[in-house]
1. Can you name the number of the only condition in (1) under 18 Å from G38 (Cβ atoms); (2) of a type in the set (A, V, I, L, M, F, W, C); (3) free of Cβ contacts under 8 Å to residues at least 40 places away in the same chain that I83 fails?
2. Against the condition touching a strand residue (DSSP E or B) at 6+ places or on another chain (Cβ under 8 Å) and surrounded by fewer than 24 Cβ atoms within 10 Å (Cβ to Cβ), how does A194 come out, does it pass?
3. With the structure loaded, tell me whether K100 is modelled with pLDDT of 95 or more and either among the charged types (D, E, K, R) or not assigned by TED's automatic domain parsing to the domain that holds G32 (or both) or whether it fails that test.
4. Return the only residue of K133, K183 being at pLDDT below 95 and either touching a Pro at 6+ places or on another chain (Cβ under 9 Å) or closer than 26 Å to W12 by Cα (or both).
5. Give me a count of the residues in region 203-220 that are more than 29 Å from D305 (Cα to Cα) and assigned to a strand (DSSP E or B).
6. Conditions: (1) loosely packed, with under 13 Cβ neighbours inside 10 Å; (2) modelled with pLDDT of 95 or more; (3) not in a helix (DSSP H, G or I). E154 meets all but one. Number of the miss?
7. Quick one: count up the residues across region 165-202 that are part of a helix (DSSP H, G or I) and over 19 Å from C243 (Cβ atoms).
8. Return the pairs, sorted by first residue and then second, in which the second residue is in a helix (DSSP H, G or I) and surrounded by fewer than 14 Cβ atoms within 10 Å (Cβ to Cβ), the first residue lies in region 204-226 and is assigned by TED's automatic domain parsing to the domain that holds W185, the beta carbons are less than 7 Å apart, and the residues are 6+ apart or on different chains.
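The values are calculated or read from the model by the stated rules, or taken from the named source; none is laboratory data. In this text the structure is predicted, and so the values were computed from the model without any measurement. Glycine also receives a Cβ, built like all others from the backbone with ideal geometry; neighbour counts cover every protein chain displayed.
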Amino acid sequence: MTGKTIVYLPNWLGDMVMAIPFLKSLRLSFQGEIWAIGKTKSISLYNGMNLFYRFIPYDKKGVVSFFDIVSVLKEIKFDLGLILPHSMRSALLFYLGGVKERIGYDRNRRGFMLTTRVKEDASLKSTVEHYLKILDILNIKRQVTNPIVFVTEEEENKYNEKFGYNDEAYVAFIPGAHYGPSKRWPISNFIKLADLINEKMGFKIFILPGKEEIELSEEIKNHVKEKNKVEIRLLDVGELKVCLSKAAAVVSNDTGPRHISAALSVPTFVIFGPMDERYTNYPSPYTYKFICNTPCRPCNKKNCDKKLECLLGITPEEVYNKMEEIIGRKKI
């Protein structure tokens with residue numbers, strides 16, 4: 001394929017990881033320019049992959065910013081637009097921006113703005129498969145099927161300059177979840193697991209919160225037995241990649257960073273709550289899932305009205321035992 005193409009990237013970090021097989025296959029099969037549009041704070045996820053010719057940042061909300069981007073698209077004159085999000089806004093942007101051919105899923109009553117409408121499968125498919133199906137519409141071969149993320153030398157050097165060159169082994173905790181409280185394993189469980197890891201495995205704990213999850217992380221640190229073995233690090237996406245890549249293991253709620261660590265080939269132990277795991281059921285030899293199938297699960301709710309039964313059914317001891325089986329104890 002040739003011409004000038006633009007891809008509207010997913011908004012969520014986990015979805016951006018799961019879009020990698022689609023993006024990589026597209027790049028390998030496409031001879032023309034591939035541009036991308038999305039959030040500046042997340043685009044460093046793709047560093048080192050050589051996926052895009054140019055990136056158009058779209059960070060600000062509001063009518064003025066929207067029509068500024070419309071003007072940019074009109075000026076560049078794209079032949080093809082691939083819309084990965086399901087929002088009305090993403091389709092409207094390409095429609096008003098004069099992108100000649102616009103391909104995306106026929107959702108949220110936006111079908112009239114698409115030149116090619118991708119139909120949903122009858123059965124629920126993973127997000128990786130969801131994006132790869134667009135390649136089928138384009139008659140492009142699926143050359144990559146699993147997400148793989150890279151850490152660049154520049155990212156690693158910047159990280160080491162900021163945090164130092166410490167080789168001490170650690171396990172990374174992702175105790176938050178932007179989706180909502182129903183995805184968060186109780187803090188008491190993270191505290192108990194941290195104590196087990198510190199005492200029996202000998203690893204330190206790095207807690208990696210989002211900006212709105214610092215208080216949650218501080219509560220975990222304040223209640224562990226060995227506070228000197230727990231550190232909180234607030235990181236941007238580039239720093240997060242480096243930190244996860246150096247971890248002996250990652251323990252995470254079902255949220256974006258857990259996809260990054262697995263794509264970095266780091267053993268990742270994922271606590272599933274209310275979401276249907278089929279959404280993220282792509283092959284990954286580095287992902288270890290913990291699921292308690294209560295009668296109300298999966299409900300896909302942001303707030304639980306059943307006292308987090310599905311999460312409480314997963315114990316710190318259960319997670320610890322699996323971790324020790326996979327990564328063992330630190331060699332002294």
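1. Result: I83 fails condition (3) only.
2. No; evaluated as a whole, the condition is false for this residue.
3. So K100 fits the description; yes.
4. Criteria check complete, one pass: K183.
5. Count: 3.
6. Unmet condition: (3).
7. Qualifying residue count, region 165-202: 12.
8. Here the result reads K221/K227, each pair linking region 204-226 to a residue that is in a helix (DSSP H, G or I) and surrounded by fewer than 14 Cβ atoms within 10 Å (Cβ to Cβ).
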